[in-house]
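The values are calculated or read from the model by the stated rules, or taken from the named source; none is laboratory data. This is a predicted model, so every value here is computed, not measured. Note that we place each Cβ from the backbone using ideal geometry, even for glycine, and neighbour counts take in every protein chain shown. The accessibility values were calculated without ligands, DNA or RNA, using every heavy atom of the protein model including side chains. Shrake-Rupley method; radii C 1.70, N 1.55, O 1.52, S 1.80 Å.
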Amino acid sequence: MNLLVTGGSGFIGSNFIRHMLNKYPGYRIINLDKLTYAGNPANLRDIENYPRYGFVRGDILEEAVVDVVMSRRPDAIVHFAAQSHVDRSIHSAHDFVRTNIVGTHVLLEAAKKYKIERFVHISTDEVYGSTDEGPFRETDILKPSSPYASSKAASDLLAFSFFKTFNLPVVITRSSNNFGPYQYPEKFISLAITNLIEDKKIPLYGDGRNVRDWLYVLDNCEAIDTVLHKGREGEVYNVGGGNEYPNIDIVTMLLDELGKDESYIEYVEDRPGHDRRYAVDTTKIREEFGWQPKRSFREALRDKIAWYQNNEDWWRPIKSGEFLDYYGKQYQNI
Ligand code: NAD
Ligand code: TDX
């Protein structure tokens, strides 16, 4: 199979490319990535010289670039490319609307033109919004809270409309919060681990009791791999780790693992529109395909901590450079 992966130099995309190339010796992958602040060639340094891997630096918003890549006739597209951080979307929604909605539209048009056999659209559990009770099913209405989540919801609906109207073979995954190696140190667990290694405090939003369901990134890669090969056209598949924890519990575990005390917690002003709890019902992907997460949360968390301890040369330049520049003075203590 020849795959076009968009956003493959980011966190989940890079883990997915490595997973696919190692698992399927006959597969070829082209990675189309703009290399925004979140895209990092170092994420794929170990495989960048594989003959079955090719990298194109380009923007999914540029139709001509997408057309050139599509003219190589990939069998399938796995579309990760997005602006992915909620706090940034609150700061400015502009790039979120452009990349996540318009960029997805450019890819859908190209997929239609080249009669792609499969379009896997990578979405998120955030499109459902917040729930105090029970998990969301794939058929529930979308009620996104942040500009990020609403831009992802819009792209889901656009992708679905290309299935309904043009028979484009679209399949959508909506996963919960991923964690694992190569995650940009702006996301909660990565920020917290790297702050503790730097002997800095963890900024905890609001009362610290917002709940997320944590999914190890390689379990998500297996789910995407499964949906790519077996998912039914026009269907949505929820993917979740079954690891629901309030943020304060995650912090407590990290303090414990890294030998720090509670003085390293700093309660800070809450995120505007902060969703209280995300939870997805994963019955569909489990029953249809037998997918389930393989890693226990605590074991995977230890692996993630060890990865950040052993790869300081990966994250320290990020935190000391562009990361602070982007946010400016307000966030310099992160
Ligand atoms: P990320 O921010 O780490 O990576 C995004 C990648 O997309 C980067 O390599 C970036 O350079 C690239 N990109 C951005 N704009 C682009 C453009 N215009 N053209 C080409 N490339 C562009 O994101 P991630 O955490 O790996 O998330 C990947 C996908 O998974 C996103 O669609 C996100 O919405 C979704 N998702 C993420 C999570 C999570 O917990 N991280 C959970 C559910 C869904
Ligand atoms: O410094 C922080 N302090 C804090 O308390 C940060 C960065 C976050 N938080 C809280 C906010 C959330 O309740 O931790 C929780 C997780 O925050 P994020 O890592 O920003 O993730 P979230 O907003 O839940 O969104 C993530 O999951 C769904 C990803 O960023 C999205 O790309 C994905 O779609």
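Taking a straight line from the alpha carbon of K260, these lysines sit under 28 Å away, with near neighbours fewer than eight places off in the same chain left out: K187, K200, K201, K304, K319, K329.
Across the stretch 254-327, the convex hull enclosing all Cα atoms gives 195 Å³ per residue. Based on every Cα atom in the stretch 1-135, Rg and the maximum pairwise Cα distance Dmax equal 15.3, 49 Å.
Could you do me a favour and compute the accessible area per residue for the chain, 1.4 Å probe, result in Å²?
Here the residues of the chain average 43 Å² of exposed surface.
In terms of overall dimensions, the stretch 66-172 has a Cα radius of gyration and Dmax of 14.4, 47 angstrom. Computed over the stretch 148-300, the range of Cα coordinates on each principal axis works out to 56, 33, 24 Å, biggest value leading. I need to check one value: relative contact order of the chain, counting alpha carbon pairs closer than 8 Å and at least 6 residues apart, in percent. Relative contact order, the chain: 17 percent.
Based on the Kirkwood radius over alpha-carbon pairs, what value in µm²/s does the Stokes-Einstein equation return for the translational diffusion coefficient of the stretch 188-252 at 20 °C and 1.002 mPa s?
Working: Rh = 14.0 Å.
In µm²/s, the coefficient rounds to 153.
For K230, the lysines whose Cα falls under 18 Å of its own Cα, not counting residues fewer than eight places away in the same chain, are K23, K284.
For the chain, carbon and sulfur atoms together expose 47% of the accessible surface, with a 1.4 angstrom probe and every protein chain in place. In whole percents, the pair-distance distribution calculated for the chain from its alpha-carbon pairs, binned every 20 Å from zero, is 32, 61, 7. If one takes the longest principal axis of the Cα atoms in the chain, at what angle in degrees, from 0 to 90 and to the nearest 10, does the Cα axis of helix 217-230 lie? Once rounded, the angle reads 20 degrees.
Going by average Cβ density within 10 Å per residue, which order do the peptides 185-196, 255-266 take, highest to lowest?
Values: 185-196: 21.9, 255-266: 12.9.
By packing density, highest mean first, the sequence is 185-196, 255-266.
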